[in-house]
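Engineer: This is the structure I want to talk about, given as structure tokens.
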Amino acid sequence: MIVSAENASALFKILQRRGVCIFDNEEAETRKKRSHFQQKQLLMPIGGSSSKLELLKRYRQLQQAIDVLYRAPGYPTERRRITPLLIEQRGEHTYISAYCQTRRAQRTFRLDRIEILGVE
């Protein structure tokens with residue numbers, strides 16, 4: 001169906017009242033993006049200026065996953081993607097309770113066995 005130029009504006013008004021939003025490309029580029037949805041700040045691992053513990057605390061605060069290498073005793077080093085949930089000190093070791101997306105379960109990791117990817 002082809003609409004004449006005279007009837008196009010009337011058709012656009014009818015469609016807008018029914019919830020259909022039609023606009024040309026120039027108008028789309030100048031429209032503001034929604035700002036009422038809070039966006040999480042994305043973190044990228046930064047060089048040696050942050051310790052593993054500080055970096056994991058920031059990822060826990062933002063509830064974001066981080067890629068790590070984990071060396072469990074008796075097993076080869078594994079790449080894991082974890083979302084830190086709890087950081088606690090037990091005796092002389094620091095433990096990270098996290099949701100492991102690789103294993104799809106909550107796991108506990110010892111901090112001294114973790115190496116964060118991208119941090120030198």
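A short reminder: the numbers here are calculations on the coordinates, not readings from a lab. On a predicted model such as this, the values are computed, not experimentally measured, just so you know. Cβ atoms come from the backbone with ideal geometry, glycine included; neighbour counts cover every protein chain shown.
Engineer: When a/c reaches 1.5 or more, the comparison of a/b and b/c decides; with that in mind, is segment 52-116 rounded, prolate or oblate per its Cα gyration tensor?
Structural biologist: Oblate.
Engineer: Give me 66, 116 sorted ascending by neighbouring Cβ count inside 10 Å, so fewest comes first. Provide the component values of the computation, followed by the final result.
Structural biologist: Details: 66 23, 116 17.
Ordered from fewest to most neighbouring Cβ atoms within 10 Å, 66, 116 come out as 116, 66.
Engineer: Rank the residues 12, 109 as a footprinting-exposure proxy: fewest other Cβ atoms within 10 Å of their Cβ go first. Each step should come with its number before you reach the end.
Structural biologist: Numbers: 12 15, 109 20.
With the sparsest Cβ surroundings first, the list reads 12, 109.
Engineer: Over segment 52-116, what is the mean sequence separation of C-alpha contacts under 8 Å (at least six apart), divided by residue count, expressed as relative contact order in percent?
Structural biologist: 30 percent
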